[in-house]
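Asks: There's a structure below that I have some questions on.
The values are calculated or read from the model by the stated rules, or taken from the named source; none is laboratory data. This is a predicted model, so every value here is computed, not measured. Cβ coordinates were reconstructed from backbone atoms using ideal geometry, including for glycine residues, and neighbour counts include every protein chain displayed. Keep in mind that these areas ignore ligands, DNA and RNA; they rest on the heavy atoms of the full protein, side chains included. Shrake-Rupley method; radii C 1.70, N 1.55, O 1.52, S 1.80 Å.
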Amino acid sequence: MNDTFLKACRGEKVDYTPVWLMRQAGRYLPEYQAVRGQVDFLTLCKTPELAAKVTLQPVDILGVDAAILFSDILIPIEAMGMHLEFSEKKGPVLSEPVRTKSNVEKLIVPDTEDSMSFVLDTIKILRRELKVPLIGFSGAPFTLATYMIEGGSSKNFLNTKKMMFQNSGLFNYLMKKLTKTVISYLSSQIEAGAQAVQIFDSWAGALSPVDYKEFELPYVKKIVSALKKQHPDTPVIYFANDCAGIIKEAKKSGADVIGVDWRIDMADAVKKLGKKVVVQGNLDPCVLFAPKEHIEERVKDILFKGESAKGHIFNLGHGILPETPVENAIAMVEAVHKYGKKE
Ligand code: CP3
């Protein structure tokens with residue numbers, strides 16, 4: 001078992017800097033497309049043998065130090081009672097967006113065993129097959145709320161912010177339900193065998209720092225502290241996208257590892273995070289379209305800057321893009337392993 005990733009999460013000494021890629025299972029891999037050609041995306045998520053198969057693909061092909069469960073952050077939203085579809089053109093579509101008190105009242109806090117047992121079954125298969133640690137995940141409450149309130153992806157999050165500013169009582173009611181859902185969902189994943197969990201806060205950076213502090217941080221803190229109480233040895237990673245303006249606040253989440261995007265320099269991120277948390281990140285996913293020498297240079301720069309943190313897990317600053325040449329992703333992983341060796 002290669003436990004370098006878990007050691008790095010705990011800030012322990014490692015032989016080299018471990019690496020994995022957000023969205024490492026996906027359309028940039030012809031092997032993923034072959035499976036996806038047979039079934040639609042939601043069926044893929046809900047068929048444990050297939051979800052396990054595509055989880056394993058990047059581990060073998062790229063040689064990364066951790067696997068991430070193949071699923072989607074919107075799966076628990078469906079389990080809460082919303083109708084979810086993935087359209088080829090528009091991405092996720094949640095019909096009947098959540099806008100009123102009765103909409104929120106109707107949502108349930110789902111039991112993972114009852115309505116998402118396929119996630120737990122996928123985890124169980126993976127733990128038998130994997131030689132690297134398995135990361136479970138969930139969306140963060142604010143990020144999930146944006147999809148529920150907007151009914152899908154959004155640019156300005158206007159409906160979400162309208163609810164926040166015009167009816168904060170209702171917004172907080174929704175956030176409380178989401179917080180309970182995330183705690184129970186991640187806890188079940190850990191009990192089924194996930195060895196670390198990541199909370200994806202893809203849209204945290206859309207909030208002003210003041211609003212982040214009021215409307216998102218308290219809920220993320222609650223999730224982390226509940227998980228730490230129930231599973232003290234399982235590392236929690238909090239990825240706050242577009243974090244430059246909120247990084248010092250994001251650190252207060254209590255997570256063991258803070259994931260950062262590429263818009264902040266790694267040296268600056270480390271300085272702001274201090275010596276108590278491990279950092280994860282943060283190569284611009286578009287650098288994987290550059291010549292290999294350029295990729296190597298950027299990897300070296302981030303590795304060098306990550307050295308002064310309590311620990312560093314190399315990753316992209318956000319998900320890998322579908323157009324990415326696979327050989328460049330492999331070159332990145334090789335460069336991290338080569339230049340991230342410790343004496
Ligand atoms: O490899 C992994 O990282 C595990 C699988 C994973 C997926 N989605 C698979 C997926 C993970 C961790 C996610 C998280 C996710 N899903 C996030 C947070 C991370 C981020 O990138 O910010 C978000 C915001 C979503 C919601 C979502 N899922 C959107 C907006 C879309 C459509 C746009 C897109 O990227 O296609 C998805 C679909 C999705 N999720 C795909 C995959 C592989 C593509 C579906 C397909 O095969 O057509």
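Asks: Mind checking whether some residue in the stretch 21-35 is of a type in the set (S, T, N, Q) and surrounded by 21 or more Cβ atoms within 10 Å (Cβ to Cβ)? Let's see the steps before the verdict.
Replies: So in the stretch 21-35, the residues of a type in the set (S, T, N, Q) come out as 24, 33.
Keeping just the survivors that are surrounded by 21 or more Cβ atoms within 10 Å (Cβ to Cβ) gives 24.
The answer is yes; a qualifying residue exists.
Asks: For the stretch 141-155, state whether one or more residues are open to solvent by 10 Å² or more (accessible area, probe 1.4 Å) and of a type in the set (A, V, I, L, M, F, W, C).
Replies: Taking the stretch 141-155 first, the residues open to solvent by 10 Å² or more (accessible area, probe 1.4 Å) are 147, 150-151, 153-155.
Filter once more, so that each one left must be of a type in the set (A, V, I, L, M, F, W, C): none.
Checked against the condition, which is being open to solvent by 10 Å² or more (accessible area, probe 1.4 Å) and of a type in the set (A, V, I, L, M, F, W, C), the stretch 141-155 yields no hits at all.
Asks: Right, Val64: in a loop (DSSP other than H, G, I, E, B) and buried (at least 21 other Cβ atoms within 10 Å of the Cβ) or not? It would help to see each step written out before you state the result.
Replies: On the way: in a loop (DSSP other than H, G, I, E, B): yes; buried (at least 21 other Cβ atoms within 10 Å of the Cβ): yes.
Here the answer is yes, as Val64 does meet what is asked.
Asks: Quick test of your reading of the structure: Glu327 fulfils all but one of (1) farther than 21 Å from Gly139 by Cα; (2) part of a helix (DSSP H, G or I); (3) open to solvent by less than 10 Å² (accessible area, probe 1.4 Å). Name the failing condition by number.
Replies: (3)
Asks: Let me ask you something else. Being farther than 30 Å from Asp265 by Cβ and among the aromatic types (Phe, Trp, Tyr) narrows it down to one residue among Phe239, Phe171, Phe137; which is it? Full working, then the answer.
Replies: On the way: Phe239 fails: farther than 30 Å from Asp265 by Cβ; Phe137 fails: farther than 30 Å from Asp265 by Cβ.
When all the criteria are applied, what remains is Phe171.
Asks: Shifting gears a bit: Quick check on the stretch 147-168: of everything there that is part of a helix (DSSP H, G or I) and within 16 Å of the ligand (Cβ to nearest atom), which residue is farthest from Ile75 (Cα to Cα)? Reasoning before the result, please.
Replies: So in the stretch 147-168, the residues part of a helix (DSSP H, G or I) come out as 147-150, 158-166, 168.
Then keep just the ones that are within 16 Å of the ligand (Cβ to nearest atom); that gives 147-150, 160.
On the way: Tyr147: 12, Met148: 12, Ile149: 16, Glu150: 16, Thr160: 20 Å.
By that ranking, first place goes to Thr160.
Asks: Among the residues of the stretch 49-61 satisfying the criterion of being within 11 Å of the ligand (Cβ to nearest atom) and open to solvent by less than 10 Å² (accessible area, probe 1.4 Å), which is nearest to Leu321 (Cα to Cα)?
Replies: The selected residue is Pro58.
Asks: Right, something else. Of the residues that sit in the stretch 69-106 and are acidic (Asp, Glu) and modelled with pLDDT of 95 or more, which one is farthest from the ligand (Cβ to nearest atom)?
Replies: Among them, the one singled out is Glu105.
Asks: Limited to the stretch 290-329, what total is found for residues that are away from the ligand (no atom under 16 Å from the Cβ) and out of contact with any strand residue (DSSP E or B) (no Cβ under 9 Å at 6 or more places or on another chain)?
Replies: Pass one, the stretch 290-329, residues away from the ligand (no atom under 16 Å from the Cβ): 290-312, 325, 327-328.
Subset that is out of contact with any strand residue (DSSP E or B) (no Cβ under 9 Å at 6 or more places or on another chain): 290-294, 296-297, 300-301, 304, 307-308, 325, 327-328.
Summing the residues that are away from the ligand (no atom under 16 Å from the Cβ) and out of contact with any strand residue (DSSP E or B) (no Cβ under 9 Å at 6 or more places or on another chain) in the stretch 290-329 gives 15.
Asks: How many residues does the stretch 275-297 hold that are surrounded by fewer than 18 Cβ atoms within 10 Å (Cβ to Cβ), under 25 Å from Ile258 (Cβ atoms) and of a type outside the set (Asp, Glu)? Quick ask: steps written out before the conclusion?
Replies: First, the residues of the stretch 275-297 that are surrounded by fewer than 18 Cβ atoms within 10 Å (Cβ to Cβ): 275-276, 284, 286, 289-294, 297.
Still in the running and under 25 Å from Ile258 (Cβ atoms): 275-276, 284, 286, 297.
Imposing the further condition that a residue be of a type outside the set (Asp, Glu) reduces the set to 275-276, 286.
Number of matching residues: 3.
Asks: Taking Ala309 as meeting all but one of (1) part of a loop (DSSP other than H, G, I, E, B); (2) under 20 Å from the mean Cα position of the chain (by Cα); (3) surrounded by 15 or more Cβ atoms within 10 Å (Cβ to Cβ), write down the number of the exception.
Replies: (2)
Asks: Return a yes/no flag: does the stretch 276-296 have any residue that is part of a helix (DSSP H, G or I) and under 19 Å from the mean Cα position of the chain (by Cα). I'd like the intermediate steps shown before the answer.
Replies: From the stretch 276-296, those part of a helix (DSSP H, G or I) are 285-289, 292-296; that's our starting set.
Filter again for under 19 Å from the mean Cα position of the chain (by Cα), leaving 285-286.
Yes, the stretch 276-296 contains at least one residue that is part of a helix (DSSP H, G or I) and under 19 Å from the mean Cα position of the chain (by Cα).
Asks: Could you list, ordered by first residue, the pairs with Cβ atoms under 7 Å in which the first is in the stretch 150-166 and on the phi < 0 side of the Ramachandran plot and the second is modelled with pLDDT under 95, at least 6 apart or interchain?
Replies: Ser153/Gly91
Asks: Any idea how many residues of the stretch 7-23 are hydroxyl-bearing (Ser, Thr, Tyr) and within 16 Å of the ligand (Cβ to nearest atom)? First the steps, then the outcome.
Replies: Applying the first criterion (hydroxyl-bearing (Ser, Thr, Tyr)) to the stretch 7-23 yields 16-17.
After this cut, where a residue has to be within 16 Å of the ligand (Cβ to nearest atom) as well, the list is none.
Selection size over the stretch 7-23: 0.
Asks: Looking for something touching a helix residue (DSSP H, G or I) at 6+ places or on another chain (Cβ under 9 Å), of a type in the set (Asp, Glu) and outside any loop (DSSP other than H, G, I, E, B) - is there at least one such residue anywhere in the stretch 3-26?
Replies: no
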